[in-house]
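The values are calculated or read from the model by the stated rules, or taken from the named source; none is laboratory data. Note that the coordinates shown come from a computational prediction; the quantities given were computed from them, not determined experimentally. Cβ placement follows ideal geometry from the backbone for every residue including glycine, while neighbour counts extend to all protein chains displayed. Please note that ligands, DNA and RNA were not included when accessible areas were found on the heavy atoms of the full protein model with its side chains. Shrake-Rupley method; radii C 1.70, N 1.55, O 1.52, S 1.80 Å.
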Amino acid sequence: MDGVRLQISNLHSGYATPDRGLVPTVDGVDLALNRNEFVSIIGPSGCGKSTLFNVIAGLLSPTSGEVALDGKAIVGRPGHVAYMMQRDLLLPWRTILDNVVLGPELAGKPMEAARNRAAALLRRFGLEGYENSYPSSLSGGMRQRAALLRTILCDRSVVLLDEPFGALDALTRATMHEWLLGIQREFQQTMILITHDPDEAIYLSDRVYVATPRPMRFAGIVPIELPYDRGRDVTMTPQFADHKRQVLALLRGDKGALDALH
Amino acid sequence: MTAQKSRNASLLSHLGDAALPFGIVVALLATWEAAVHLLKIQPFVLPAPTEIFKELLISGPTVILPQLHVTLIETLAGYLAAVIISAILSVLILYSSTFRRGVLPLIVASQTIPIITMAPVLVIWFGYNSLPRIIITAIVAFFPLTIAAVTGLKSLEPQFIDFFRSLNATPAQIFFKLRLPVALPSIFGGLKVAATLAVIGATISEWVGASQGIGYLIAQDTALLNTTRVFASLTVLGVAGMALFGLVGLIERLSMPWIYARPSMAWLRASQNPRAPAAAVARPRQ
Ligand SMILES: Nc1ncnc2c1ncn2[C@@H]1O[C@H](COP(=O)(O)OP(=O)(O)OP(=O)(O)O)[C@@H](O)[C@H]1O
Ligand SMILES: [Mg+2]
């Protein structure tokens, strides 16, 4: 496939301990991501999802395996993908505008243009009027949107989102889902999302990768057959319920689940 | 209008904050004055506050202030030297494990020496001028400042470093755009402690081998039993120390608007940006 953006092949990772030697956290992960695709990884807490992201982002060197972005190996080399970590990590001493332009700033890009572009996007991210506010005066949802804007302004071909809505209440979260899907379509982003929430994964994704407990492998991949333009009501359709049954069965470790449903 | 009202309210509460210590001082001075008169205490033992005040008016401008001028220059020079030394040391301690293991213990050990006893030796080495006193002031002030700076520079959560690394940040960017702002509250804490210590260091260093300065004046007056002028000098010194402390505090507030966004400053920002909704006015959540 010529559309492949990110290719992960047979990835293994682990951490060294004094008493038990190398403890594996990622145990043979394969993943292929096409241009403008949105996929989710869902799995139990502590299974190694953030570890996988750290490897993709080049922060952590894997034990073995390959990560290729647009055909070039990026293992152990940070700066190639945009990474929104589990916490928003907004810098408290910077205003919202100064926070969201951090990517271009660290890359030494012309700041005038970066700031203008960011300022023009604030409204779309629900942050209009807050450009000169500090993060401490923002609500949880606004902080996440600011962190996401900062991530998107890094201008990388793949965006990693580690549980961006984990700390939000259910109502805010549902609103954010629709909004994020709109952003992904509008800005033509290629995204991988980590989540604990099956509804979130299914509603947003083209494909859901279901992870096993640590060490992490994929118990199965659920292709989501919902329309490209989906509103909130698709969550009520039988199709959605089917997908949810598949994901939950895989999460429970029910091996025949996928075949039984097809 | 509401902004005006809340600013008045905060002004009132600030006056309320000042009223309590002011009241305590007035009560203490009144008790002191009464005790001196009732118990007929000799002025060379304990002068009455009114006497001290009179002395301030008489010898303040002509005798005390010129000496304070000398001491303040030593204080500021020593303080500045301490700031520069601390900046270099804290970066070395942060980035060099050799330095951390080899030199840091020696610096800590040096702090157990009462440095003031070195004053005569420093005079022999550096001569009969203000250099020995500037050195003592710097030695007294740099240590808490260095410790505060190192603590602040190390207090960064590792996730922030990972985040910066994921953006391919250089070590210099991580230092100046991440570590330094995180360390600022701690550094300013150190700068305030160092400011008070610098005043003390400069004054006490004038007790030995000096021919001018407010510390020298106090030593002379003590020997002559001119206790009233000693208290007058101490009063001037106290005010100068508080002013220096206040100046550092002011710089602190101006350099960290994300912590000290005063209502008046937020109001200023909001008026610069007419579209900013009221909730956008930055006030740190406690
Ligand atoms: N250097 C390390 N030392 C000790 N334990 C580690 C280390 N690195 C990872 N782990 C462990 O590996 C496991 C996987 O961690 P990881 O953060 O990837 O999980 P996760 O799937 O993201 O979990 P969550 O959903 O709770 O965020 C955890 O149990 C963690 O404690
Ligand atoms: Mg995680």
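The table that follows gives values for the structure above.
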item: Tail weight of P(r) past 35 Å, computed on alpha-carbon pairs of chain B, percent; result: 39 percent
item: Per-residue average of Cβ from other chains inside 10 Å of A:79-89; result: 3
item: Built amide H within the under 5 Å cut-off of A:Leu6, gap 5+; result: A:Leu33, A:Asp70
item: Three-way shape call for region A:131-188 based on the alpha-carbon gyration tensor, with the a/c threshold at 1.5; result: oblate
item: Estimated vicinal HN-Hα couplings, Hz - region B:53-64 in sequence order (Karplus 6.51, -1.76, 1.60; Gly, Pro = x); result: 4, 4, 4, 4, 5, 6, 9, x, x, 8, 10, 6
item: Per-selection Kirkwood Rh - the protein assembly as shown (Cα, Å, 1 d.p.); result: 28.6 Å
item: Unit charges on C-beta of K, R, D, E only; dipole of the protein assembly as shown, Debye; result: 420 debye
item: Pairs of lysines in the protein assembly as shown (C-alpha under 21 Å apart; 8 or more residues apart or interchain); result: 7
item: Longest DSSP-loop-exposure-free segment, chymotrypsin sites (Phe, Trp or Tyr not before Pro), chain A, at most 16 other Cβ within 10 Å; result: A:1-186
item: Paramagnetic reach from B:Ile116 (point 7 Å along Cα→Cβ, amide N under 13 Å) across region B:138-155; result: B:140
item: Per residue solvent-accessible surface (Å²) - region B:50-255, probe of 1.4 Å; result: 49 Å²
item: Partner chain coverage, peptide B:250-257 - average Cβ within 10 angstrom; result: 1
item: Label-point separation, B:Thr170 to B:Leu38 (7 Å along Cα→Cβ), nm; result: 7.2 nm
item: Distance from region A:215-232 to region A:195-211 (C-alpha centre basis), Å; result: 5 Å
item: Förster radius 45 Å - calculated FRET efficiency between B:Leu57 and A:Ala107, Cβ distance, rounded to 0.05; result: 0.10
item: B/A buried area, accessible surface, summed, 1.4 Å probe, Å²; result: 2700 Å²
item: Rounded Å value of the spacing that divides the Cα centres of region A:1-74 and region B:113-182; result: 42 Å
item: Listed residues B:Gly23, B:Gln42, B:Ala210: farthest to the positive end of the dipole of chain B (Cβ charges); result: B:Gly23
item: Solvent-accessible area, 1.4 Å probe, carbon plus sulfur percent, for chain B; result: 74 percent
item: Surface accessible to a 1.4 Å probe, per residue, for the residues of chain A, Å²; result: 42 Å²
item: Residue-span extension gain [A:Asp70 to A:Arg87] - 0.36 nm each, minus C-alpha spacing; result: 3.3 nm
